[in-house]
Amino acid sequence: MSDDIPFDKSFDLAPETVEEVVPGVRRVLADNPSPFTFKGTVSYIVGRGRVAIIDPGPLDEAHIAALLDAVRGETVTHILVTHTHRDHSPAVPRIKAATGAVVLAEGPHRPARPLHVGEAPRLDASNDTDFRPDRSLHDGEVIAGPGWTIEAVATPGHTANHMAFALKEADLLFSGDHVMAWSTPVVAPPDGAMSDYMASLQKLARRSEPVYLPGHGGAVRDAPRFVAHYIRHRQAREASVLHRLAKGEADIPTLVRAIYIGLDPRLVKAAGLSVLAHLEDLVTRGLVVTEGEPSIAGRYRLP
Ligand SMILES: [Zn+2]
């Protein structure tokens, strides 16, 4: 989408094979590639013997079998979920049933703000609304097993319930869909919120982990610098919206055409929602005005 972030799209893990990515962390790729999931969802296994699984992934028999095979002879004590999109959490009940592990996450799926009159969750087909954790995690909470200590880091924005997980022993962060090496994530109202997303990026910018392991694609290297690029990218996108509106009132399709050059046609709807996310934030800050609540069909102008 943009050439200002130093994206790294190298990632050649074969689906449903187990790979130790750093000592004490294994990963298994689900075979669910798409423009939103890249090569597929990456599930992580932390520790040896008594382990935690992060993001069991989609309800895919081959992936569930591969994950359970990977931990054969071990005890899964915890299942951690970064967020409730259908490529991350629907395998949870099956992995829980097979292992007896306790399921921990920020909470069930919820929109980032109250729905407007007549508004449906935009990408509701992508939401796992059935998900319920056994217990809710709060920001900063620590979960531990033999040889591993994980801190929950609340990172709302991509979804309201998004959490990253910091692994102390390896000095790395499981970043879910919040920060990924291959692309920026979709931030789509009402499930996502740009103001939350930016605040969560600023929160990670204050942390020191040099490596992130995301929910899709390979590791983010030099992570603090990468996060700074992400922040600048969103600020530039916001500036593009304001620049276009300085030329006159516009609707979202017009803004998408002005801002995204050479966009994959499959991503036009998601791009419109990302622009809406910026507009919601700009309207809240009084920098843009519209008739009524910001909506995908609205027209926008400078005050
Ligand atoms: Zn997601």
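The set of residues from segment 271-287 being out of contact with any Lys or Arg (no Cβ under 7 Å at 6 or more places or on another chain), open to solvent by less than 10 Å² (accessible area, probe 1.4 Å) and among the aliphatic types (A, V, I, L, M) comprises ALA271, VAL275, LEU276, ALA277, LEU279, LEU282. Within segment 184-196, not a single residue is away from the ligand (no atom under 12 Å from the Cβ) and farther than 19 Å from ASP281 by Cβ. Scan ARG257, ARG301, ARG232, ARG244 and give me the residue that is under 25 Å from PRO114 (Cα atoms) and open to solvent by 50 Å² or more (accessible area, probe 1.4 Å). None of the others qualify; the one that does is ARG301.
When ALA181, ALA164, ALA154 are checked against the criterion of being of a type in the set (A, V, I, L, M), over 26 Å from PHE11 (Cα atoms) and within 16 Å of the ligand (Cβ to nearest atom), a single residue qualifies: ALA154.
The residues of segment 30-53 that are within 16 Å of the ligand (Cβ to nearest atom) and in contact with a strand residue (DSSP E or B) (Cβ under 8 Å, 6 or more places away or on another chain), listed by number, are ALA30, ASN32, THR37, PHE38, LYS39, GLY40, THR41, VAL42, SER43, TYR44. Could you check LEU13 against (1) of a type outside the set (S, T, N, Q); (2) within 16 Å of the ligand (Cβ to nearest atom); (3) assigned to a loop (DSSP other than H, G, I, E, B); (4) open to solvent by less than 50 Å² (accessible area, probe 1.4 Å) and say which number it fails? Among (1) of a type outside the set (S, T, N, Q); (2) within 16 Å of the ligand (Cβ to nearest atom); (3) assigned to a loop (DSSP other than H, G, I, E, B); (4) open to solvent by less than 50 Å² (accessible area, probe 1.4 Å), LEU13 violates only (2).
What about PRO108, is it within 18 Å of GLY176 (Cα to Cα), in contact (Cβ under 8 Å) with a residue 40 or more places away in the chain and touching a helix residue (DSSP H, G or I) at 6+ places or on another chain (Cβ under 9 Å)? The answer is no for PRO108. Could you name every one of the strands (runs of 3 or more DSSP E) located completely within segment 133-249 that has at least 3 residues being in contact (Cβ under 8 Å) with a residue 24 or more places away in the chain? Counting at least 3 such residues, we get 148-154, 163-167, 172-176, 211-214. Restricting VAL25, VAL51, VAL21, VAL81 to those that are touching a helix residue (DSSP H, G or I) at 6+ places or on another chain (Cβ under 9 Å) and either surrounded by 16 or more Cβ atoms within 10 Å (Cβ to Cβ) or modelled with pLDDT of 95 or more (or both) reduces the list to VAL81. Being surrounded by 22 or more Cβ atoms within 10 Å (Cβ to Cβ), assigned to a strand (DSSP E or B) and away from the ligand (no atom under 16 Å from the Cβ) is the filter here, so list the residues in segment 54-78 that pass it. VAL76, HIS78 - these are the residues of segment 54-78 that are surrounded by 22 or more Cβ atoms within 10 Å (Cβ to Cβ), assigned to a strand (DSSP E or B) and away from the ligand (no atom under 16 Å from the Cβ). Here ARG221 meets each of (1) over 25 Å from LYS39 (Cβ atoms); (2) open to solvent by 30 Å² or more (accessible area, probe 1.4 Å); (3) out of contact with any helix residue (DSSP H, G or I) (no Cβ under 9 Å at 6 or more places or on another chain) with one exception, condition (1).
The values are calculated or read from the model by the stated rules, or taken from the named source; none is laboratory data. Keep in mind it's a predicted model, so treat the numbers as computed, not measured. In this analysis, Cβ positions are derived from the backbone assuming ideal geometry, glycine residues included, and neighbour counts consider all displayed protein chains. Just so you know, the surface numbers come from the protein's heavy atoms only, side chains and all, with ligands and any DNA or RNA stripped out. Shrake-Rupley method; radii C 1.70, N 1.55, O 1.52, S 1.80 Å.
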